[in-house]
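As C-alpha cells, the structure follows; a few thoughts come after it.
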Amino acid sequence: MSNFITIRDASLFPVRVRKEGPLGAMVGGVYDHQGQFVEESTFSRGGLKLIYPLSQQPEAVSKRIETPAIFGGYLYNHFGHFLLESIARVHVAKKFPELPILWLRNSEVKPWQKHVFRTLGLQNKHVCLTKPKIVPDLILGECGFSIRTFFKDYHADFLGQYPGEMVPGRKIWLSRSKLADKHGGVDNETVVEALLVEQGWTIFHSQEHSLARQMNVLATAERIAGFEGSAFHLLILLKAVRARVDIFARGHSINKNFDLIAESKNFEQNVHNVEMEKVGGLRSSSRYDVRDPQELISCLAS
C-alpha cells in the first residue's frame, strides 16, 4: 500500500551541504505552516539521517506554487542513488497523475531519469526548486527504500515495470573495466573478461548503452554477473528477474542493498568473495587486483 501525508502550506527550502554530521548530510527540506521542520521529509542511509533543519529559523517565504504538488525528494544524478533514494517516494505519483513533482538538490531532471519515470508509467510534470517556495498542499509519500535498511513490498511492486522473457544461454558480465578510476574497480578485470568470453559470456559495458538497452539485456539474460556496482540496481525496474545473479565483492563484503533487492524481488543471487589485493583508492574509489582470475571462473561454473 502506497502511504502518504499532506502538509498544508508547506515551505520548501533548497538543500545545501551540512558541515557537521554524516558524509552527504544536508540542511534544508520541508517545513510546515508553523515553521516546524517536517521529519518525514528526510531520509537515512544505514540509519543515519541525512537531511537536517536549517541552522537558523527560516525566514518567511513569499513565493508560492498555486496548486497542490507531490514532494519527489532529493534529486541525485548518481545512477545508484537516484534509483534507490531519489525515487523512493514517487510511488505516490500514481495516485495523483495531474500534480507536479517537486525536487530539491539539483536544478534539472536528466533525460535518462525521465526515461525511468516513463518506464514507471509516470507522466507528471517535474519542477526543480532553486529558491524557497510555499505549496498549499504538499503530498509527501512514505519512503519505500532506505539504504542498507529496508525495501518495502509496495515500492518494489511499483518499480517492477519492465517486462522480458529469458533467452536461454544468454550470459551477461556487467563490466566495470572502462569506468574512470574514481568509481573504483578491479585493475585486472580485462584478464577476467578474456576468460569469461572463452566460456560464452558477453561483456556488457552498461554506461555505453541506453537505459532501454540495459533493461532489455538484463530482462532477457539467463545469467548476470559482475563486480559489485550500481549497474545491478537496475534490476529493481524489472517485472521479474529470471536470471541467476552472481555478485563478486570488491573488498570484504558487499553492500546490504544487493541483499535487500534480491530478497524483495525474490530472485536467486550468489555473493562471492574471491581473494583480492587492494592496490589503491579509498572507500568506493578503492581498486583491487584479483589474485587468481581462474578462482572467479570456477565460482561461476559451480
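If the only charges are +1 at each Lys and Arg Cβ and -1 at each Asp and Glu Cβ, what is the size of the charge dipole of the chain around the Cα centre, to the nearest 20 debye?
Using Cβ point charges on Lys, Arg, Asp and Glu, the chain gives about 800 debye.
If you take every residue apart from Gly164 with its C-beta less than 10 Å away from the C-beta of Gly164, what net charge results, scoring Lys and Arg +1 and Asp and Glu -1?
Numbers: positive: Lys239, Arg242; negative: Glu165.
Taking every Cβ under 10 Å from that of Gly164, the sum is +1.
All other residues whose Cβ lies under 14 angstrom from that of Ser62 are scored, Lys and Arg at +1 and Asp and Glu at -1, for a net of +1. When the Cα positions of Gly46, Phe13, Met26 are compared along the charge dipole of the stretch 1-62, Gly46 comes out farthest toward the positive end, with charges on each C-beta of Lys, Arg, Asp and Glu. When only DSSP loop residues count, what trypsin sites (Lys or Arg not before Pro) in the stretch 152-226 have their Cβ near at most 14 other Cβ atoms within 10 Å? Filter output for the stretch 152-226: Lys178. Please report the net charge: other residues with Cβ closer than 13 Å to the Cβ of Glu275, K and R +1, D and E -1. So the environment of Glu275 carries a net charge of -1. Comparing Gln207, Gln57, Gln161 in a Gaussian network model of the chain where C-alpha atoms under 10 Å apart are linked, the largest mean-square fluctuation is found at Gln57. Considering only Ala180, Ala69, Ala93, the Gaussian network model of the chain with Cα springs below 10 Å gives its largest mean-square fluctuation to Ala180.
Applying 1/(1 + (r/R0)^6) with R0 = 22 Å to the Cβ-Cβ distance of Glu208 and Asp289 gives a FRET efficiency near 0.35.
Among the trypsin sites (Lys or Arg not before Pro) in the stretch 20-117, those located in a DSSP loop and surrounded by at most 12 other Cβ atoms within 10 Å of their own Cβ are Lys63.
Of the GluC sites (Glu not before Pro) in the stretch 201-283, the ones in a loop by DSSP (not H, G, I, E or B) with at most 13 other beta carbons within 10 Å are Glu268, Glu275.
I need the calculated FRET efficiency for the pair Ile5 and Asp181, taking r as the beta carbon distance and R₀ as 51 Å, to the nearest 0.05.
0.70
Solvent-accessible area of the chain (1.4 angstrom probe, protein heavy atoms only): carbon and sulfur portion equals 48 percent. Taking every protein chain into account, the accessible area of the stretch 57-216 amounts to 46 square angstrom per residue (probe 1.4 Å). Once the Cβ-Cβ distance of Ala194 and Arg16 is raised to the sixth power relative to R0 = 41 Å, the FRET efficiency obtained is 0.30. Think of the chain as having a plus end and a minus end, set by charges on the Cβ of Lys, Arg, Asp and Glu; of Val90, Leu218, Pro163, Val90 sits farthest toward the positive end of this dipole. Placing +1 on the Cβ of every Lys and Arg and -1 on the Cβ of every Asp and Glu, with nothing else charged, gives the stretch 156-231 a dipole about its Cα centre of roughly 140 debye. Just name one of Pro132, Leu195, Val274: the one whose Cα is farthest towards the positive end of the charge dipole of the chain (beta-carbon charges, Lys/Arg +1, Asp/Glu -1). Working it through, the farthest residue towards the positive pole turns out to be Pro132. Shape analysis of the stretch 248-302 places it in the oblate category; the axes a ≥ b ≥ c from the Cα gyration tensor give an a/c of at least 1.5, with a/b not above b/c.
Antiparallel versus total DSSP beta bridges in the chain: what percent is that, nearest 5? Present the calculation step by step, with values, prior to reporting the outcome.
On the way: 22 of 54 bridges.
Roughly 40 percent of the beta bridges in the chain run antiparallel, per DSSP.
Note on the chain: helix-only mean residue ellipticity at 222 nm, from DSSP H runs of 4+ residues weighted -39500 (n - 2.57) and normalised by residue number, equals -5000 deg cm²/dmol. When only Cα pairs below 8 angstrom with a gap of at least 6 residues are kept, the chain shows a relative contact order of 17 percent.
Could you tell me which label, among (i) 51, 40, 40; (ii) 60, 41, 41; (iii) 65, 41, 28, carries the value of Cα extents along the principal axes in Å calculated for this structure? Only one listed value fits the structure, namely (iii).
The values are calculated or read from the model by the stated rules, or taken from the named source; none is laboratory data. None of the values given here were measured: they were computed from a predicted structure. Note: ideal-geometry Cβ built from the backbone for every residue, glycine included; neighbour counts use all protein chains shown. Just so you know, the surface numbers come from the protein's heavy atoms only, side chains and all, with ligands and any DNA or RNA stripped out. Shrake-Rupley method; radii C 1.70, N 1.55, O 1.52, S 1.80 Å.
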